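Structure record follows, encoded as structure tokens.
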Amino acid sequence: TQLIDLSGGEVRGDIQLRLRTGDGLIGGTVTGPDGPLGGAVITATSGTSTLETVSLTEGQVGGFTLRGLVTPATYTVTVTSPGFTTQTTSVVLADGQKLTGVQLTLARSAGSLSGSVTTMPGNVPAAGVTVTVTSGATKVTTITQSAGTPGAWTIAGLPIPGAYTVTFSRDDLQSQTVA
């Protein structure tokens with residue numbers, strides 16, 4: 001941005017702006033619970049410019065470099081990968097700074113399913129009902145409560161995103177399955 005003053009009727013044709021490429025750099029490694037994590041998307045934005053890259057899947061797995069960042073500036077760095085939580089951090093770059101060794105760690109995403117089981121007629125809470133949640137290789141089972149809040153159930157720690165089938169069964173009741 002350059003400020004140019006013009007007086008009434010003045011015509012200026014000698015204006016020159018010198019643009020330069022960004023000379024800043026942010027580099028480091030993305031890790032997950034099992035070590036270096038390749039294929040994660042790293043985005044850096046300063047509000048006026050945005051750069052994006054993907055962490056390496058071969059060689060130095062998890063490594064990333066964002067080059068050509070305009071400095072000085074404060075960047076919001078966001079890391080995303082399917083099945084993991086998103087991490088956001090703020091990085092301040094001084095004039096021409098090349099910041100390396102940045103460690104970004106993602107945790108596995110986890111969701112939960114919960115509810116309550118009742119019998120018909122009368123919506124009487126149903127204790128002791130087996131609740132089985134399945135999705136591909138994942139199979140988790142619990143039993144509805146008989147004390148506290150009868151009929152209530154919760155299953156946590158489920159990988160997300162995911163599609164699950166929930167089956168409710170008890171020997172004296174007809175089984176029900178919900179997707």
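Accessible area per residue, 1.4 Å probe, Å², for the chain: what's the number? Working shown, then result.
On the way: 11210 Å² over 179 residues.
Accessible area per residue, the chain: 63 Å².
Using a 1.4 Å probe over the heavy atoms of the protein chains, calculate the carbon and sulfur portion of the accessible area of the chain as a whole percent. Don't skip to the end; give the middle numbers.
On the way: 5850 of 11210 Å².
In the chain, the share of accessible area belonging to carbon and sulfur is 52 percent.
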Quiz item: Rounded if a/c is under 1.5, else prolate if a/b is larger than b/c, else oblate: which is the range 1-134, with a ≥ b ≥ c the root eigenvalues of its Cα gyration tensor?
Solution: oblate
Practice problem: Over 19 Å, how big is the tail of the calculated P(r) for the range 10-86, in percent of all Cα pairs? | Solution: 46
Exercise. Please work out the FRET efficiency for the pair Arg18 and Arg67, using the Cβ-Cβ distance as r and a Förster radius of 25 Å; give the result to the nearest 0.05.
Key: 0.75
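Of the DSSP beta bridges with both residues in the range 1-112, give the percent that are antiparallel, rounding to the nearest 5.
On the way: 26 of 32 bridges.
Beta bridges within the range 1-112, antiparallel portion: roughly 80 percent.
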Practice problem: Enter the Cα centre distance for the pair the range 111-148 and the range 78-106, rounded to the nearest angstrom. | Solution: 41
Exercise. Note the full-extension length gain between Ile160 and Thr134 as 0.36 nm times their separation in residues minus their Cα-Cα distance, in nm to one decimal.
Key: 8.1 nm
Quiz prompt | Å³ per residue enclosed by the Cα convex hull of the range 126-179 | solution = 80
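Say R0 is 41 Å: what FRET efficiency, to the nearest 0.05, do Thr85 and Asp5 get from their beta-carbon distance?
Working: r = 51 Å, r/R0 = 1.25.
For Thr85 and Asp5, the calculated efficiency is 0.20.
The values are calculated or read from the model by the stated rules, or taken from the named source; none is laboratory data. Bear in mind that the values here come from a model prediction, so they are computed numbers and not experimental data. Quick reminder, even Gly has a Cβ in these numbers, built from the backbone with ideal geometry, and neighbours come from all protein chains shown. Just the protein is used for accessible areas: all its heavy atoms, side chains included, with ligands, DNA and RNA removed. Shrake-Rupley method; radii C 1.70, N 1.55, O 1.52, S 1.80 Å.
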